[in-house]
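Visitor: Shown below is the structure under consideration.
The values are calculated or read from the model by the stated rules, or taken from the named source; none is laboratory data. Predicted model, so just to flag it, every value in this text is computed and none were measured. All Cβ positions, glycine included, derive from the backbone under ideal geometry; neighbour counts span all protein chains shown.
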Amino acid sequence: MAAKVINGEQIAREVREQLKSTAAFLKSEGITPGLAIVVLKSPVARIHVARLKERACRQLGIYCRVHYLAEDTTKAELEQLLIQLNADPKIHGVNIHPLPPSFDHMLFSQLVAPHKDIEVLHFLNMGNFFRGEYKLIPYVAKGIMRLITATGESLAGKRAVVVGRSRLVGKPVALLLLERGIAVSICHSQTPDLAAFTKKADLLVVAAGKPRLITQKMVKTGAIVIDVGVNFAGTRLVGDVDYWDVKKTAGWITPVPGGVGPMTITMLFENLLEAVKVQ
Ligand code: NAP
């Protein structure tokens with residue numbers, strides 16, 4: 001039987017309705033949640049994402065300010081902007097779009113005040129997350145966990161495999177699964193015989209950035225498959241999972257687009273509103 005589709009668009013829409021109510025409540029208390037987005041020397045695609053976020057903020061009742069920085073912005077100028085945003089009472093959360101390689105993204109994330117670090121990249125917040133004592137959860141991983149929960153499947157005693165060990169996706173997802181009491185294996189580019197791991201997974205999360213890396217013969221029948229990958233095949237967007245092939249035998253599957261993506265931005269907004277509550 002073909003896999004059931006986990007509809008990220010629909011789940012994200014439902015969450016956004018709740019966020020709209022929360023933002024309206026905060027407004028009635030005299031607080032307008034505020035998001036600052038910092039976009040530096042970004043290719044057009046990233047600017048497009050910033051515009052999408054701006055539009056979504058308007059729909060949710062969130063104040064949003066995008067700082068489009070010129071190509072010749074210096075490190076000192078970026079530092080100055082982040083310091084200003086930390087002191088700005090209208091801003092409750094800061095989202096820095098991927099910086100060019102000459103700027104150390106992780107280093108600049110340390111300049112964001114921990115209580116405005118809605119990406120959970122400040123070492124203090126990362127440390128608390130690692131210790132299991134945290135207020136905010138890294139937003140990509142948080143969205144993935146929501147999609148898994150939406151299946152309604154019990155994960156007790158299940159085996160999970162995460163393909164990818166990045167700081168942004170693979171590691172936080174693995175940690176959250178571990179906290180749910182699930183046995184987790186993390187695979188990466190140096191894992192020999194990847195299929196030997198993936199075939200045993202009741203839950204497979206793939207975040208490798210390699211188009212159609214995972215094929216049907218690598219997936220256990222009935223498994224939950226979460227495809228985080230976003231890759232371009234010509235002009236088409238494809239995931240890390242060979243969707244139509246794997247869909248034939250998996251239990252649940254996320255499409256690309258329309259799976260993890262819509263949840264990611266939504267979880268950033270959710271983190272923002274949670275940050276407002278603790279400020
Ligand atoms: P990343 O930092 O490049 O990490 C990729 C990971 O995959 C690395 O750990 C790498 O292993 C591993 N890997 C690469 N090739 C592999 C292979 N052939 N077999 C097994 N593992 C392999 O990427 P990321 O930031 O985690 O993102 C991963 C993908 O998710 C990208 O396509 C990205 O665009 C997408 N993404 C989507 C969203 C969304 O909202 N939908 C959000 C974030 C990211 P090594 O560590 O050994 O190099």
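Visitor: Given (1) outside the structural domain of residue 167 (by TED's automatic domain parsing); (2) at pLDDT below 95, where does residue 232 come up short, assuming only one miss?
Guide: Of (1) outside the structural domain of residue 167 (by TED's automatic domain parsing); (2) at pLDDT below 95, only one is false for residue 232: (1).
Visitor: Are any residues in segment 244-279 outside any loop (DSSP other than H, G, I, E, B), away from the ligand (no atom under 16 Å from the Cβ) and either touching a Gly at 6+ places or on another chain (Cβ under 9 Å) or under 29 Å from residue 134 (Cβ atoms) (or both), and if so, which ones?
Guide: 252, 272, 273, 274, 275, 276, 277, 278
Visitor: Here's a follow-up. Among all residue pairs at least 6 apart or on different chains, which show Cβ distances below 8 Å where the first residue, located in segment 169-191, is near the ligand (Cβ under 9 Å from one of its atoms) and the second is among the hydroxyl-bearing types (Ser, Thr, Tyr)?
Guide: 187/198
Visitor: Separate question: Do the conditions hold for residue 38, that is, is it surrounded by 15 or more Cβ atoms within 10 Å (Cβ to Cβ), under 24 Å from residue 256 (Cβ atoms), modelled with pLDDT of 95 or more and touching a helix residue (DSSP H, G or I) at 6+ places or on another chain (Cβ under 8 Å)?
Guide: Here the answer is no, as residue 38 does not meet what is asked.
Visitor: Pick out the one residue from 153, 119 that is modelled with pLDDT of 95 or more, under 22 Å from residue 207 (Cβ atoms), assigned by TED's automatic domain parsing to the domain that holds residue 210 and not small (Gly, Ala, Ser).
Guide: Numbers: 119 fails: assigned by TED's automatic domain parsing to the domain that holds residue 210.
The conditions single out 153.
Visitor: For segment 210-229, give me each residue that is closer than 16 Å to residue 141 by Cβ and either at pLDDT below 95 or near the ligand (Cβ under 6 Å from one of its atoms) (or both). So that I can check it myself, show each step before the final result.
Guide: Step one: of segment 210-229, the residues closer than 16 Å to residue 141 by Cβ are 224, 226-229.
Once the filter is applied, which keeps residues that are closer than 16 Å to residue 141 by Cβ and either at pLDDT below 95 or near the ligand (Cβ under 6 Å from one of its atoms) (or both), segment 210-229 yields 228, 229.
Visitor: Can you tell me which condition residue 137 does not meet? The list is (1) in a helix (DSSP H, G or I); (2) closer than 29 Å to residue 254 by Cα, and all the others hold.
Guide: So residue 137 meets the others, but not (1).
Visitor: Separate question: Is there a residue being within 22 Å of residue 277 (Cβ to Cβ), buried (at least 19 other Cβ atoms within 10 Å of the Cβ) and among the small types (Gly, Ala, Ser) anywhere in segment 89-101?
Guide: Yes, that holds for at least one residue.
Visitor: One residue is enough: does segment 83-91 have a residue meeting the conditions among the basic types (Lys, Arg) and at pLDDT 95 or above? Give the derivation first.
Guide: Narrowing segment 83-91 to residues among the basic types (Lys, Arg): 90.
Now narrow it down to the ones that are at pLDDT 95 or above: 90.
Yes, because at least one residue in segment 83-91 is among the basic types (Lys, Arg) and at pLDDT 95 or above.
Visitor: Of all residues in segment 97-134, which are part of a loop (DSSP other than H, G, I, E, B) and of a type in the set (D, E, K, R)? Break it down into steps so the answer makes sense when it comes.
Guide: Taking segment 97-134 as the starting set, the residues that turn out to be part of a loop (DSSP other than H, G, I, E, B) are 97-104, 110-113, 117-122, 132-134.
104, 117, 119, 133, listed by residue number.
Visitor: Can you find even one residue in segment 167-177 that is over 19 Å from residue 222 (Cβ atoms) and among the basic types (Lys, Arg)? Steps first, answer last, please.
Guide: Going through segment 167-177, the residues over 19 Å from residue 222 (Cβ atoms) turn out to be 167-176.
After this cut, where a residue has to be among the basic types (Lys, Arg) as well, the list is 167, 171.
Within segment 167-177, one or more residues are over 19 Å from residue 222 (Cβ atoms) and among the basic types (Lys, Arg).
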